[in-house]
Amino acid sequence: MDGPAQHGPNILNDALGRPLRDLRISVTDRCNFRCVYCMPKEIFGRDFVFLPKDQLLSFEEITRVARIAAALGVEKIRLTGGEPLLRRGIEQLVAELAELRTPEGRPLDLAMTTNGSVLARKADALKAAGLSRVTVSLDSVDDATFRQMNDVDYPVATVLEAIEAASAAGLGPVKVNMVVKRGMNDDGILAMAQHFRGTGHVVRFIEYMDVGSTNGWDLDQVLPSADVVRRIDAEFPLEPLAPRYAGETAARFRYRDGAGEIGTISSVTQAFCHGCTRARLSTDGKLFTCLFGVGGTDLRALLRGGTDDAELAGVLAGVWRRRSDRYSELRSAETPGVGAPHGGASVQRGVPPAAGWPGRKVEMHYIGG
């Protein structure tokens, strides 16, 4: 497979020629929602045991890893969870990360993905600490559907208010992520598009993915992004936009009447592994090189075992150089009807894990989306 090979003094390429550019950091495995596609309540119930505090990376440890990653080429950091705003003192971590610079002296692009439940009261402090922007997960603007999907009876109005508060604080343009699950919320696609048209916020429609092993994923529940685009285009005509940068996960479309843009993220039907530049740091300090990974490199043991920065940088660089992950492309290649050309994707029941994938995939709440 041809990769986007790059060269230069600060370029670190993996085995397929993909540079390290993004680091996603899960700061907590806890979440106050029980979304059916991520932390279903029958698995993550009241008795579920989350990681104890001493197993979580400290802010100092996270910042140290991020500083070394920036020296190796990382330009963008996204804080995730679980729900990152449940981590006490998160503004302090944002402030520490905002001080980091690339080898060329540029500040990092510092973003966060949140469910929005406590964003309204933290937006100003996050902006003051140095956060650049936020992405808010919102699976429906219909209150009943949203309550069903978050499965804790949380009202949609509070999240909508949080989006506006974030925008007012300067954390925009706000991206709004809608995971589309056929038969559950796909009848609300047009309503979502209509609600955010003309607001400056960008809705991204995400195919329901087989992340983790507990969400009961079934390909029958995947609505291909091509169908999402067709539905919206029939009501609000669209035209495609070029990617803004190499490795962008979302395909972009603008409304022909100038009312803004939408995006689609199609990990199932139009896999984009070939351009993936992301590493992920789990809540307890394991470095993963794929969202669908089954195991990571334990950086916490190194951080707490006296490893110096040069040695730690060598470990990070070695992990990335050996990286050859492309789970979604392998899964698509092995599944009839998946990975068809744009506009022609179909889905079939019983998609197997990609051949050669060694076992149970890590859960999204532990590694971030």
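Of the numbered conditions (1) over 27 Å from Arg252 (Cα atoms); (2) open to solvent by less than 50 Å² (accessible area, probe 1.4 Å); (3) of a type in the set (Asp, Glu), Asp186 satisfies every one except a single condition; which is it?
(1)
Is there any pair linking a residue in the range 306-328 that is outside any loop (DSSP other than H, G, I, E, B) to one that is aromatic (Phe, Trp, Tyr), with Cβ under 6 Å and at least six apart or on different chains, and which?
Tyr327/Phe292
One line per residue, one yes/no per condition, for (1) crowded, with 21+ Cβ neighbours inside 10 Å; (2) of a type in the set (A, V, I, L, M, F, W, C); (3) assigned to a helix (DSSP H, G or I):
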| site | (1), (2), (3) |
| --- | --- |
| Glu161 | no, no, yes |
| Gln194 | no, no, yes |
| Arg204 | no, no, no |
| Asp233 | no, no, yes |
| Pro240 | no, no, no |
| Glu248 | no, no, no |
| Asp257 | no, no, no |
| Thr269 | yes, no, no |
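Which of (1) out of contact with any Leu (no Cβ under 6 Å at 6 or more places or on another chain); (2) in contact (Cβ under 8 Å) with a residue 40 or more places away in the chain does Ala279 not meet, given it meets every other one?
(1)
Quick one: is Arg133 open to solvent by 40 Å² or more (accessible area, probe 1.4 Å), within 30 Å of Met184 (Cβ to Cβ), basic (Lys, Arg) and within 16 Å of the chain's Cα centre (by Cα)? Steps first, answer last, please.
Details: open to solvent by 40 Å² or more (accessible area, probe 1.4 Å): yes; within 30 Å of Met184 (Cβ to Cβ): yes; basic (Lys, Arg): yes; within 16 Å of the chain's Cα centre (by Cα): yes.
Yes: the conditions hold for Arg133.
Scan the range 146-159 residue by residue and report those that are touching a helix residue (DSSP H, G or I) at 6+ places or on another chain (Cβ under 6 Å) and either touching a residue at least 24 places away in the same chain (Cβ under 8 Å) or not in a loop (DSSP other than H, G, I, E, B) (or both).
Phe146, Val156, listed by residue number.
Please go through the range 77-89 and pick out each residue that is touching a Ser or Thr at 6+ places or on another chain (Cβ under 9 Å) and either open to solvent by less than 30 Å² (accessible area, probe 1.4 Å) or more than 19 Å from Ala123 (Cα to Cα) (or both).
Arg78, Leu79, Thr80, Gly81, Gly82, Glu83, Pro84, Leu85 - these are the residues of the range 77-89 that are touching a Ser or Thr at 6+ places or on another chain (Cβ under 9 Å) and either open to solvent by less than 30 Å² (accessible area, probe 1.4 Å) or more than 19 Å from Ala123 (Cα to Cα) (or both).
From Glu96, Glu60, grab the single residue that is among the acidic types (Asp, Glu), surrounded by fewer than 16 Cβ atoms within 10 Å (Cβ to Cβ), at pLDDT 95 or above and not in a strand (DSSP E or B). Steps first, answer last, please.
Numbers: Glu96 fails: surrounded by fewer than 16 Cβ atoms within 10 Å (Cβ to Cβ).
Testing whether each residue is among the acidic types (Asp, Glu), surrounded by fewer than 16 Cβ atoms within 10 Å (Cβ to Cβ), at pLDDT 95 or above and not in a strand (DSSP E or B) leaves just Glu60.
Mind listing whichever residues of the range 82-130 are under 20 Å from Leu160 (Cβ atoms) and over 18 Å from the mean Cα position of the chain (by Cα)?
Val118, Ala120, Arg121, Lys122, Ala123, Asp124, Leu126, Lys127 - these are the residues of the range 82-130 that are under 20 Å from Leu160 (Cβ atoms) and over 18 Å from the mean Cα position of the chain (by Cα).
Does the range 182-192 hold any residues that are assigned to a helix (DSSP H, G or I) and hydrophobic (A, V, I, L, M, F, W, C), and which are they?
Residues of the range 182-192 assigned to a helix (DSSP H, G or I): 186-192.
Once the filter is applied, which keeps residues that are assigned to a helix (DSSP H, G or I) and hydrophobic (A, V, I, L, M, F, W, C), the range 182-192 yields Ile189, Leu190, Ala191, Met192.
Among the residues of the range 296-337, which ones are at pLDDT below 95, open to solvent by less than 50 Å² (accessible area, probe 1.4 Å) and not hydroxyl-bearing (Ser, Thr, Tyr)?
Passing the criteria: Gly296, Arg323, Asp325, Glu329, Leu330, Arg331, Gly337.
Take Ser140 and tell me if it is hydroxyl-bearing (Ser, Thr, Tyr) and either surrounded by fewer than 23 Cβ atoms within 10 Å (Cβ to Cβ) or not in a loop (DSSP other than H, G, I, E, B) (or both).
Values: hydroxyl-bearing (Ser, Thr, Tyr): yes; either surrounded by fewer than 23 Cβ atoms within 10 Å (Cβ to Cβ) or not in a loop (DSSP other than H, G, I, E, B) (or both): no.
Spelling it out, it is not the case that Ser140 is hydroxyl-bearing (Ser, Thr, Tyr) and either surrounded by fewer than 23 Cβ atoms within 10 Å (Cβ to Cβ) or not in a loop (DSSP other than H, G, I, E, B) (or both).
Step by step: first the residues of the range 149-204, then only those that are of a type in the set (Lys, Arg) and modelled with pLDDT under 95, then the one that is nearest to the chain's Cα centre (by Cα). Which residue is that?
Filtering the range 149-204 down to residues of a type in the set (Lys, Arg) leaves 175, 181-182, 197, 204.
Then drop every residue that is not modelled with pLDDT under 95, which leaves 181-182.
Numbers: Lys181: 17, Arg182: 20 Å.
Checking each candidate, the answer is Lys181.
Please work out which one of (1) out of contact with any helix residue (DSSP H, G or I) (no Cβ under 7 Å at 6 or more places or on another chain); (2) in contact (Cβ under 8 Å) with a residue 12 or more places away in the chain; (3) within 21 Å of Leu100 (Cα to Cα) is the condition Leu57 fails and give its number.
Going through the list (1) out of contact with any helix residue (DSSP H, G or I) (no Cβ under 7 Å at 6 or more places or on another chain); (2) in contact (Cβ under 8 Å) with a residue 12 or more places away in the chain; (3) within 21 Å of Leu100 (Cα to Cα), Leu57 breaks only (1).
The values are calculated or read from the model by the stated rules, or taken from the named source; none is laboratory data. Just so you know, these numbers come straight off a predicted model, no measurement behind them. For neighbour counting, all protein chains shown are included, and Cβ atoms are generated from backbone atoms with ideal geometry for every residue, glycine included. The area values use the complete protein model at the heavy-atom level, side chains included, leaving out ligands, DNA and RNA. Shrake-Rupley method; radii C 1.70, N 1.55, O 1.52, S 1.80 Å.
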